[in-house]
1. Can you pull out every residue in segment B:112-132 that is touching a residue at least 12 places away in the same chain (Cβ under 8 Å), more than 13 Å from B:GLU157 (Cβ to Cβ) and not in a helix (DSSP H, G or I)?
Amino acid sequence: MKDQELDKYLATLRAAEPHAADVERWQAAIRREFGADRRSKPRWMEWAVAGLIGVILGASLFGHSNPPPDENSANDATLELVVTKLN
Amino acid sequence: MGSRSSRSMDIDWSQTIADLGPRVFRYFRARFSHEEAADLTQETMTRLVRKSRQGVIDPKRGDLAMYAFGIARFVALEAKKTSPLVLAVADQENIMQENVEHQQSLVQLRQALEQLPSDQREIIILMIDQELRLQDIANLLDLPLGTVKSHIFRAKETLRQILVHNQGAK
């Protein structure tokens, strides 16, 4: 047997084609499992999540820069006590 | 992670499946019936999309076909464990319906392929896809290019002997 004959055998395997219905079935299976849209989430959802994280981070940073009102009240009370004792 | 998965979501999977599916199908068809090959192709494509969505593979950094054939090899291995028969009943029925001579050569070649050592058989089956270069096959199998070439030489010799022997036996 020559190389050409062997190639002829291999060509029979290369000629194998799926049916159009097979390809449609594969595509449908992917759509079913992963959704019809190429993107699983719309872009506005990504922006909304990023914005929310920004607001939370900003609020926590801003919150630390100002002492809470309770702390001011405590300082006022301490000052009042010291002034009373001095008097 | 986020950017990797968003890149994978930009792929038109319907078109990718239409292009890549038939190539993967031919890989399976060398050893399985039409129905089995179609099912295994679907399994391969599903795993490909899943891995891409999970960011396990990055289609922008490598040829998607290489990833697909890499997955197909494992899917074929799993399927062979559960379904060792080369020709299913449905395939025998197809032989009756389609071109008899063509199908007979297909059956002979598949029987011969099953008699090859597994490393040689794998290379020959991957060579069915004419878009895969020898270097791609070497990368897929994690073998040096020279080893792949020598496996091809030996596989062709063995195939030739098996086919001549089988023809003589008839």
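Derivation of every value follows stated rules applied to the coordinates shown; laboratory data play no part. Since we're looking at a predicted model, the values are computed, not measured. In this analysis, Cβ positions are derived from the backbone assuming ideal geometry, glycine residues included, and neighbour counts consider all displayed protein chains.
1. Scanning segment B:112-132 gives B:ILE128, B:ASP129, B:GLU131, B:LEU132.
One line per residue, one yes/no per condition, for (1) without any contact (Cβ under 8 Å) to a residue 60 or more places away in the chain; (2) facing another protein chain (nearest Cβ under 9 Å); (3) crowded, with 18+ Cβ neighbours inside 10 Å; (4) within 19 Å of B:LEU132 (Cα to Cα):
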| site | (1), (2), (3), (4) |
| --- | --- |
| B:LEU20 | yes, no, yes, yes |
| B:ARG23 | no, no, yes, yes |
| B:ARG26 | no, yes, yes, yes |
| B:PHE32 | yes, no, yes, no |
| B:ASP39 | yes, no, yes, no |
| B:GLN42 | yes, yes, yes, no |
| B:SER52 | yes, no, yes, no |
| B:VAL56 | yes, no, no, no |
| B:ARG73 | no, no, no, yes |
